[in-house]
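Report on one structure; see the data block that follows.
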Amino acid sequence: MSEAQTESAPQAEQGKPQLPAGYASHYVAKKAMFALLGNSFRIEDPSGSLQFFVKQKAFKLKEDIRVFADEKQSEERLTIKARSWGDFSGTYDITDATTGEGVGAAKRKGLASAFLKDHWLLLNEEGDQIGEVIELGGALATARKFVKLLQWIPQKYVVKLDDKEVGQIKQRFNPFQLAYDCQFGSGDLDPRLGVGMVVLLLAIEGREKS
């Protein structure tokens with residue numbers, strides 16, 4: 001692992017939480033171009049060093065996604081579990097696998113994501129909404145849902161907590177591989193919730209781009 005992954009920030013800014021050990025504020029997330037019996041995702045630091053790895057099983061009606069620190073899947077970092085069958089308007093609980101601590105949850109606004117633009121709600125451990133992840137692009141974002149050729153146009157998401165922008169997730173222009181540049185630079189967002197949300201975008205929204 002890189003030094004950035006194994007060490008927390010030495011000192012948080014006043015009023016802002018420290019990053020949990022093993023987490024950073026900037027990632028590149030990629031979906032494997034070729035995968036049999038399920039998808040796999042790599043989340044790397046800007047230098048290309050692997051930070052998180054996911055192997056998503058195929059044919060699962062109820063998602064149970066495990067996020068590991070390595071491709072050997074020997075060190076589990078996060079679990080992401082759907083509360084109910086299917087994922088049209090699913091809520092996904094995100095848990096820190098190293099401590100057992102509930103990080104929060106992400107709830108997909110199914111109708112909006114299917115017919116308008118991708119939209120997720122961020123929840124705390126008690127189930128209260130604390131933020132949201134919204135696709136930008138207005139009418140173009142909606143048109144992408146119905147015009148196949150427009151799916152090549154990269155998507156951009158804004159991450160908000162209490163109406164304050166705390167991060168961005170930008171799709172790279174790459175017709176052959178789904179990839180996102182992810183920045184959670186404000187320090188307000190729990191990076192474990194940010195990583196979990198990126199995995200859900202790759203795993204759930206990414207199905208529409210397969």
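Where a number appears in this text, it was derived from the coordinates with a stated rule and is not lab data. Keep in mind that this is a model prediction, so the values were computed, not measured. Neighbour counts are summed over all protein chains in view; Cβ atoms, including those assigned to glycine, are modelled from backbone coordinates with ideal geometry.
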Next item on the list: Set the Förster radius R0 to 35 Å, insert the Cβ-Cβ distance between residue 84 and residue 49 as r into 1/(1 + (r/R0)^6), and round the FRET efficiency to 0.05.
Entry: 0.45
Note to self: How much length would be gained if the chain were fully extended between residue 152 and residue 98, taking 0.36 nm per residue of separation minus their Cα-Cα distance, in nm to one decimal?
What the structure shows: 15.7 nm
